[in-house]
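Questions regarding the structure given below will be posed in turn.
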Amino acid sequence: MTQIGKAISRLEGWQKVTGSAKYAGDYNVPDLLYGYVVNSTITKGHIISIDTSDALALPGVIKVFTHQNRPGLAWFDIMYTDMDAPPGTVFKPLHDNEIKYNGQPVALIVAERFEIAREASALIKIKYEEMHFETRLDRNIEKGRNAKKGLATALKPPPPKPKGDFSLAYDESPFKVATEYRHSTEHHNPMELFATTTVYEGDGKLTIYDKTQGTINSQIYVANIFGLHFKDVRVLAPFVGGGFGSGLRPQYQLFFSVMAALELKRNVRVTLDRKQMYSFGHRPQVIQKLRFAAETNGKLTALSHLALSETSQFEDYAELVAEWSHKLYPANNTLFSYKLVPLDLYTPIDMRAPGGSTALHAIECTMDELAYQLKMDPLELRLKNYAEIDPSTDKPFTSKALKDCYLKAAEKFGWNERNPEPGSMTHGNKLIGYGMATGIWDAYQFPARVEIGVNAEGKLLVNNATTDIGTGTLTVMTQIAADQFGLSLDEVTFGYGDSKKPFSMFQGGSAMTASTGSAIVIAANVLKKKLLDKAKEITNSPLKDAELKDVMFTHGRMYLKNQVEVYVMLTDIVQANKGKTIKTTNLGAPHMFDLRKYSKMTHSAAFVEVEIDKDLKTITVTRAVTAVAAGKIINPKTATSQITGSMVWGISKALYEETILDENLGKYMNMNLGEYHIPVHADIKQLEVIFVEEKDELINELGVKGVGEIGLVAIPAAIANAIFHATGKRINNLPIHFDELL
Amino acid sequence: MNDFNYHKAATIDEAVNVVNENPRAAYLAGGTNIIDLWKYNIISPELLMDVNQLGEGIIETSDGIRLSAFITNSATAWHPLIEERYPLLSKAILAGASAQIRNMATNGGNLLQRTRCYYFYDPNVPCNKREPGSGCSAKEGYNRIHAILGASEQCIAVFPSDMCVALAALGAVLNVSGSAGNRSISFNDFHRLPGDTPQLDNNLLHDEIITSIDLPSKGFATNYSYLKLRDRHSYAFALVSVATGLDLEDNIIKEARIALGGVAHKPWRVIAAEEYLVGKAPTAENFAIAAEIILQGAISFKYNAFKIELSKRAIVRNCLMALDPSSQLPGSQPSA
Ligand SMILES: Cc1cc2nc3c(=O)[nH]c(=O)nc-3n(C[C@H](O)[C@H](O)[C@H](O)COP(=O)(O)OP(=O)(O)OC[C@H]3O[C@@H](n4cnc5c(N)ncnc54)[C@H](O)[C@@H]3O)c2cc1C
């Protein structure tokens, strides 16, 4: 293993910084037409009429599509579904005149230039009949009900059944806290806007450059709706400028671009603008109520977590919120519930660390309150309730180095210098606060197929349909593949971002390294066998009697483990195959059977320092340390980027980020990056990442767990706890506005 | 965004004449506000009159300094004369927007930038400023960023500029040219309160162009401070900002200037408060009384009540910061 474990810069980094990387909206194919989408300006009701005559009269406008003249499309809802569709009825653009949410796409203008299409959008006159709507979760609490079950339920099951007698245990415990937390809406806002360029190839064939986290997901969606053969629809996404979950489902620009291309028999691009980024999925509003109780010694006796989340009127989007506390802490009495309230908004969609980041904020702040009640150090309370086996399932962990995370991060941070008394640590005009919290995230793995082969030049070719959403997938997969054959990185080509390549799920859930990475190992082992068999066919092959276990690979050679000088060049093996690439395609899948007896989790611990102005209450996160236990780290550089990036997001979630939903208008009001606040450089000070050693021989071929989301989950609670420590005030709603401390 | 014509003016007269003839003509400076408004379909000019090349720089006059309206915010803030003699102005400009935007934005454009009220920027919801008579969505809406002083039934928007808060405190005068001739407008008379005509942000006529800004000789360069409180540490508009200039002699205030930003439809100055401080010691107690005077009559809405208390505290802190300008931090943040 010489590449795995190395801090290697992204292989495609230079393309990104020089601007030569092409994104979905950058393919300037010949004779391109441009689409601009018109969105509804009411929240609920019906379209009475659409007058497109002025728009059509504008020179350069080719066509306006509305529900009245759209082509006939697939009839059944099921045809509109996608791999990430929650249970319910998928939203179908231009289906009819019904308006289900503000910003719903109601027309597509296709023109010779983008600017013309956009200008025409202002000329379309729509008459609506408006109906009463409900968009606020806190005003519709009584409508909470269980989530419908469907395919998505496999990854997001309802919370576990109650254990023991929660009410009794809670009442009788000497220490207890009851808390409530409210989170506002957030939108993903990746840098790259949503765009699709559809190339009309003729003969029912399409080549589609789509902004997506899953090429095959988009392919299936398009083929089903438009009645095309799968093999005739090729979806490419070689570069994705961030996704954070927003690209897990096909978004409406894909639908429109393809519809227009097929109808007009032309190449069509549809790009959504920044404001339209707010017209599909988002992180939902959530209200959480927690009650935790403990013995005098700090041992938890009772855990209750009730969560209420928003969904749309047509799909039941669910997250894992309510059960996380019991995956961290043992207790004999539990009560968990997760309910949905359908509102007149679009269906939420996973956003980096969905559910977990929401839940852990509430859980770890409640733990902090409990620690104060017990007069116990918050870290000590965590250690006192440390679970060696998963308390929610009574299964052992495949590995769990959370204790190391706590101790290493605490030491690095200087936690023992903390005076627990709120408001006791000051510096000039500033109150200083230290806070800590735990993070936990599922170690997901999806099935993936990998094609791997050696060509006549002895180069390794590896293919899988996965995207690289900016996480470093290309680099990491190249490292993994290189190590299987002892090659250098430039002897390996990893092909990805293409639905024609062997199967991959969308890139999400921090699962890609485990999924495609493990499949590479599996396929590589098959390829090794094939190469050996072929090597034996060479006349006077020195490896004639070798078995797979006897050989190793390095520098383009297959050699005998015990006799390094006995080898065959890979190029000679391919020569023996008449120069044809020797390859294999194999499936890698989670070890469902072996792993059913285990719990598989990543963990983290975050320690945060805040400075708060004594009079004005302005808040600065001056330091944060996160220690992560996520199995094997393939590339410490890209992994550190993932963790620091998500720490920034954690700061954002705690202090800045929110989509403002106007209660009277039922629409979002700050739909641009000037008013939708995410941290800027001045908000981010010192961030440190520690990866603790965590050997996991059970989880998968590589012992990896994934680092895309774990860095985010602990930060909001650590900040909120630090703010309490600095000020003695608990602000439970996110984001925390500094003025709430006045 | 509609089709349009574009002119580059060779002289101020030419610019004025062309704009005077077309009610849908507009001056184009850095474009950092007007283009956004256009893309959001808030405005739809037929003709853009580019004035960027008319700049004359910064010149010393007999009783102060004359700033061209056509030079950029960056060129102004970093100009040695401004840094030395009007550091309050320099600090206020640098607390605004981002380096990139300040490199484009001009002094004239900054004075005429429009409110950041969410409802003003959404052409599909009622807004009296955008469409007189349609109503005010902010009053019953999400009004965290809105006015606590000088608002009307018609409009509770605030004027978002940082630069103008310093200009108000310094007592700048604007020089304007129009088809009817040239005139000078004192800063306090330039921006308007919303009253019954919230569509009018200021008293400039359609064809009038701001040519320069005069700064009086007194720059309060020894005791000054600009404090900006906002939802993140940079690149956000002020929830509350304060510009202070003090003239001290033997630890007694000879003259005080205090202007507030982010709280009203114009930079907010209360002469009575400034007069109250004259002859007093520069203490937190006295500044607190001045703050009470300034905030007299403040009215809050559902989401912005905090602004009243925050303004008072900000005034006190900023006046104390003015006593020791070295205590100011980059980005006009509260002193450490
Ligand atoms: C994301 C963002 C954040 C920002 N943050 C801040 C902030 O924190 N603080 C702050 O103060 N500002 C901020 N700004 C606003 C910025 O300062 C203004 O957009 C800028 O000053 C406008 O100047 P301009 O030259 O670009 O004007 P333009 O956009 O070109 O013009 C604005 C208006 O002024 C008119 N005009 C321009 N020059 C003249 C003239 N000489 N005579 C008559 N009319 C004229 C134009 O016709 C137009 O109506 C921000 C802007 C953005 C986009």
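Yes or no: the stretch A:671-683 includes at least one residue that is more than 14 Å from chain B (Cβ to nearest Cβ) and in contact (Cβ under 8 Å) with a residue 40 or more places away in the chain.
Within the stretch A:671-683 (the criterion being more than 14 Å from chain B (Cβ to nearest Cβ) and in contact (Cβ under 8 Å) with a residue 40 or more places away in the chain), the answer is no, since none of the residues qualifies.
Can I ask one more? Please specify each residue of the stretch B:108-157 satisfying the condition of being within 30 Å of B:Gly57 (Cα to Cα) and in contact (Cβ under 8 Å) with a residue 60 or more places away in the chain.
Hits for the stretch B:108-157 are B:Gly108, B:Gly109, B:Leu111, B:Leu112, B:Gln113, B:Arg114, B:Thr115, B:Arg116.
Residue under question is B:Ala151, and the condition is that it be at pLDDT 95 or above and either in the same structural domain as B:Asn304 (by TED's automatic domain parsing) or touching a helix residue (DSSP H, G or I) at 6+ places or on another chain (Cβ under 8 Å) (or both); does it hold?
no
Still on this structure, please answer the following. Can you find a residue that is within 14 Å of another protein chain (Cβ to nearest Cβ) and open to solvent by 10 Å² or more (accessible area, probe 1.4 Å) anywhere in the stretch A:684-704?
Scanning the stretch A:684-704 turns up at least one residue that is within 14 Å of another protein chain (Cβ to nearest Cβ) and open to solvent by 10 Å² or more (accessible area, probe 1.4 Å).
Right, here's the next one. How many of the residues making up the stretch A:254-299 are within 27 Å of A:Ile141 (Cβ to Cβ) and buried (at least 23 other Cβ atoms within 10 Å of the Cβ)?
Counting residues in the stretch A:254-299 that are within 27 Å of A:Ile141 (Cβ to Cβ) and buried (at least 23 other Cβ atoms within 10 Å of the Cβ) gives 13.
Being in contact with a helix residue (DSSP H, G or I) (Cβ under 7 Å, 6 or more places away or on another chain), touching a residue at least 24 places away in the same chain (Cβ under 8 Å), assigned by TED's automatic domain parsing to the domain that holds A:Ala409 and among the charged types (D, E, K, R) is true for just one of A:Glu658, A:Glu688, A:Glu663, A:Glu694. Which residue is that?
Within the list A:Glu658, A:Glu688, A:Glu663, A:Glu694, the selection yields A:Glu688.
For residues that are near the ligand (Cβ under 6 Å from one of its atoms) and more than 22 Å from B:Asn175 (Cα to Cα), tally how many sit in the stretch B:97-125.
Qualifying residue count for the region: 2.
Next up: Residues that are in contact with an Asp or Glu (Cβ under 9 Å, 6 or more places away or on another chain) and either within 14 Å of chain A (Cβ to nearest Cβ) or among the charged types (D, E, K, R) (or both): which helices (runs of 4 or more DSSP H) entirely in the stretch B:249-336 hold 3 or more of them?
In the stretch B:249-336, B:306-323 are the helices (runs of 4 or more DSSP H) which contain 3 or more residues that are in contact with an Asp or Glu (Cβ under 9 Å, 6 or more places away or on another chain) and either within 14 Å of chain A (Cβ to nearest Cβ) or among the charged types (D, E, K, R) (or both).
Same structure again: I need a count of the residues in the stretch A:605-630 that are among the hydroxyl-bearing types (Ser, Thr, Tyr) and more than 14 Å from chain B (Cβ to nearest Cβ).
1
Scan (1) open to solvent by less than 30 Å² (accessible area, probe 1.4 Å); (2) under 22 Å from B:Cys164 (Cα atoms) for the single condition B:Asp247 breaks and write down its number.
(1)
Would you call B:Asn2 closer than 25 Å to B:Pro123 by Cα, within 14 Å of another protein chain (Cβ to nearest Cβ) and more than 13 Å from the ligand (Cβ to nearest atom)?
yes
If we scan the stretch A:419-433, do we find a residue that is open to solvent by less than 10 Å² (accessible area, probe 1.4 Å) and part of a strand (DSSP E or B)?
Yes, the stretch A:419-433 contains a residue that is open to solvent by less than 10 Å² (accessible area, probe 1.4 Å) and part of a strand (DSSP E or B).
A further question on this structure: Among the candidates A:His46, A:His95, which residue alone is without any contact (Cβ under 8 Å) to a residue 40 or more places away in the chain, surrounded by fewer than 18 Cβ atoms within 10 Å (Cβ to Cβ) and away from chain B (no Cβ under 14 Å)?
A:His95
Out of (1) closer than 30 Å to A:Thr366 by Cα; (2) at pLDDT below 95, what's the single condition that is false for A:Asp203?
(1)
Looking at the stretch B:161-184, is at least one residue within 16 Å of the ligand (Cβ to nearest atom) and within 14 Å of chain A (Cβ to nearest Cβ)?
No, the stretch B:161-184 contains no residue that is within 16 Å of the ligand (Cβ to nearest atom) and within 14 Å of chain A (Cβ to nearest Cβ).
Tally the residues that are within 14 Å of another protein chain (Cβ to nearest Cβ) and in contact (Cβ under 8 Å) with a residue 60 or more places away in the chain, restricting the search to the stretch A:420-460.
6
Then there is this: Of the residues B:Ala151, B:Ala138, B:Ala157, which single one is among the aliphatic types (A, V, I, L, M) and within 16 Å of the ligand (Cβ to nearest atom)?
B:Ala157
Okay, residues lined up against (1) part of a strand (DSSP E or B); (2) buried (at least 19 other Cβ atoms within 10 Å of the Cβ):
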{"site": "A:Phe593", "(1), (2)": "no, no"}
{"site": "A:Glu609", "(1), (2)": "yes, yes"}
{"site": "A:Val621", "(1), (2)": "yes, yes"}
{"site": "A:Ala624", "(1), (2)": "yes, yes"}
{"site": "A:Lys637", "(1), (2)": "no, no"}
{"site": "A:Gln642", "(1), (2)": "no, yes"}
{"site": "A:Trp649", "(1), (2)": "no, yes"}
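Next question. Determine, yes or no, whether B:Asn182 is open to solvent by 10 Å² or more (accessible area, probe 1.4 Å), closer than 24 Å to B:Glu292 by Cα and either basic (Lys, Arg) or not in a loop (DSSP other than H, G, I, E, B) (or both).
Against the criterion (open to solvent by 10 Å² or more (accessible area, probe 1.4 Å), closer than 24 Å to B:Glu292 by Cα and either basic (Lys, Arg) or not in a loop (DSSP other than H, G, I, E, B) (or both)), B:Asn182 does not qualify.
For the stretch B:192-242, give me each residue that is within 10 Å of the ligand (Cβ to nearest atom), within 14 Å of chain A (Cβ to nearest Cβ) and part of a loop (DSSP other than H, G, I, E, B).
B:Arg230, B:Ser234, B:Tyr235, B:Ala236, B:Phe237, B:Ala238
Here's something else I'd like to know. Select from the stretch A:529-556 the residues that are touching a residue at least 40 places away in the same chain (Cβ under 8 Å) and surrounded by 15 or more Cβ atoms within 10 Å (Cβ to Cβ) and list them in ascending order.
A:Lys530, A:Leu531, A:Lys534, A:Ala535, A:Met552, A:Phe553, A:Gly556
Suppose we keep only residues that are among the hydroxyl-bearing types (Ser, Thr, Tyr) and not in a loop (DSSP other than H, G, I, E, B) within the stretch B:27-77. Which one would you say is nearest to the ligand (Cβ to nearest atom)?
B:Tyr27
Could you figure out which of (1) more than 16 Å from the ligand (Cβ to nearest atom); (2) touching a Pro at 6+ places or on another chain (Cβ under 7 Å); (3) of a type in the set (Lys, Arg) isn't true of B:Lys129?
Of the numbered conditions (1) more than 16 Å from the ligand (Cβ to nearest atom); (2) touching a Pro at 6+ places or on another chain (Cβ under 7 Å); (3) of a type in the set (Lys, Arg), the odd one out for B:Lys129 is (1).
Out of the strands (runs of 3 or more DSSP E) lying entirely within the stretch A:203-311, which hold 3 or more residues that are outside the structural domain of A:Val110 (by TED's automatic domain parsing)?
Once the strands (runs of 3 or more DSSP E) in the stretch A:203-311 are filtered for at least 3 residues that are outside the structural domain of A:Val110 (by TED's automatic domain parsing), what remains is A:286-294, A:300-311.
Also: Would you confirm whether any residue within the stretch A:143-166 is in contact with a Gly (Cβ under 9 Å, 6 or more places away or on another chain) and of a type in the set (Ser, Thr, Tyr)?
no
Quick one: in the stretch A:720-741, of everything that is in a helix (DSSP H, G or I) and within 14 Å of chain B (Cβ to nearest Cβ), which residue is surrounded by the most Cβ atoms within 10 Å (Cβ to Cβ)?
A:Phe738
Residues that are more than 14 Å from every other protein chain (Cβ to nearest Cβ), among the hydrophobic types (A, V, I, L, M, F, W, C) and more than 25 Å from A:Val492 (Cβ to Cβ): does the stretch A:539-553 have at least one?
Scanning the stretch A:539-553 turns up no residue that is more than 14 Å from every other protein chain (Cβ to nearest Cβ), among the hydrophobic types (A, V, I, L, M, F, W, C) and more than 25 Å from A:Val492 (Cβ to Cβ).
The values are calculated or read from the model by the stated rules, or taken from the named source; none is laboratory data. Fair warning: this is a prediction, and the values are worked out from it, not measured in the lab. Glycine also receives a Cβ, built like all others from the backbone with ideal geometry; neighbour counts cover every protein chain displayed. All accessible areas refer to the heavy atoms of the entire protein, side chains included, with ligands and DNA or RNA removed. Shrake-Rupley method; radii C 1.70, N 1.55, O 1.52, S 1.80 Å.
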